[in-house]
Each structure stands twice: as C-alpha cells, then as structure tokens.
Amino acid sequence: MLSIMNSILPFFLLSEINSNLAGILKGLIKSMGRQSELAKFSILINVGMVNGFALFFCFYIGMGLRGLWLGLVAAYTIGNIIFSYKIFTADWRQESQKSLDRIMGDKRKLIK
C-alpha cells in the first residue's frame with residue numbers, strides 16, 4: 001500500500017497545484033462576466049478531457065492508478081493554459097469599463 005501511495009504522490013501534488021491555480025483563474029474569468037463561457041470550458045475539461053486522458057493513460061497505456069492521476073493532471077494543465085490565454089488576451093480597459101458600467105447601473109437603480 002505504501003509503495004502505491006509513493007508512486008501516485010507526485011501526481012497528486014501536481015493535481016493540487018493545478019486545482020488551486022484553476023480556482024484563481026476561474027475567479028478572474030467570473031469577474032469578467034463570462035460565466036457561461038467558463039461553464040462550457042469547465043464541462044469540456046472536467047467531463048471530456050479528464051475522463052479521456054485518465055482512461056487512456058490508465059488502460060490503453062497500462063499505467064494503472066498513476067495513469068488516472070496523470071490524466072487528471074494533463075487535463076487540468078491544458079485547462080489552465082486555456083484559462084490563462086483567456087485572461088492574458090483580454091482587453092482589460094474594456095473589462096474595467098464594463099465593470100464600472102455595472103457598478104454605476106446599480107447605483108442609478110438605488111437612487112431612483
């Protein structure tokens with residue numbers, strides 16, 4: 001049992017790092033008002049890519065339990081690259097203006 005734990009520990013740690021990074025990146029995308037786009041990508045990554053990679057590494061390549069964790073790490077890494085691309089290519093001046101418009105719109109409703 002201990003040898004199995006030692007063999008998957010690096011993959012577990014990488015998945016934790018990727019999971020925490022994904023939480024930060026997803027929070028930024030949510031703050032940009034792109035929740036529907038985020039939901040589509042999250043479903044694609046969590047259902048399609050994780051299952052596909054995990055099954056490929058586990059059964060087709062024959063890595064067993066390490067393959068399941070490697071599939072998770074691979075899918076989350078690709079997802080984080082996609083989320084990072086969305087964030088780094090955003091027009092932040094436009095995003096901040098949309099945010100200010102939303103804030104001012106709420107204030108106008110309160111004044112009336």
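Observations, loosely collected:
- Considering all C-alpha pairs of the chain, those separated by over 17 Å amount to 62%.
- Among Leu72, Leu13, Leu100: highest mean-square fluctuation, GNM of the chain, C-alpha pairs under 10 Å: Leu100
- Extended-chain gain in nm, criterion 0.36 nm per residue less alpha-carbon gap, Gln97 and Phe59: 8.7 nm
- Panel order for Tyr76, Tyr60, by other beta carbons found within 10 Å of each beta carbon, from fewest to most: Tyr60, Tyr76.
- Point-to-point label distance, Ser36-Ala90, nm (Cα→Cβ direction, 7 Å offset): 1.7
- Kyte-Doolittle mean at least 0.5 and Cα axial length at least 27 Å: DSSP H helices in the chain: 2-31, 65-88
- With the charge dipole of segment 34-111 set up from +1 on Lys and Arg Cβ and -1 on Asp and Glu Cβ about the Cα centre, the Cα lying farthest toward the positive end among the listed residues Ala39, Asn80, Ser99 is that of Ser99.
- For Ser19, Ser3, the sequence from fewest to most other C-beta atoms within 10 Å is Ser3, Ser19.
- Sorted by Cβ density within 10 Å, fewest first, the residues Phe83, Phe59, Phe41: Phe59, Phe41, Phe83
Computed from the coordinates by the stated procedures, all read-outs in this text should not be read as laboratory data. Predicted model, so just to flag it, every value in this text is computed and none were measured. Don't worry about glycine lacking a Cβ; one is built from the backbone with ideal geometry, like all the others, and counts go over all protein chains shown.
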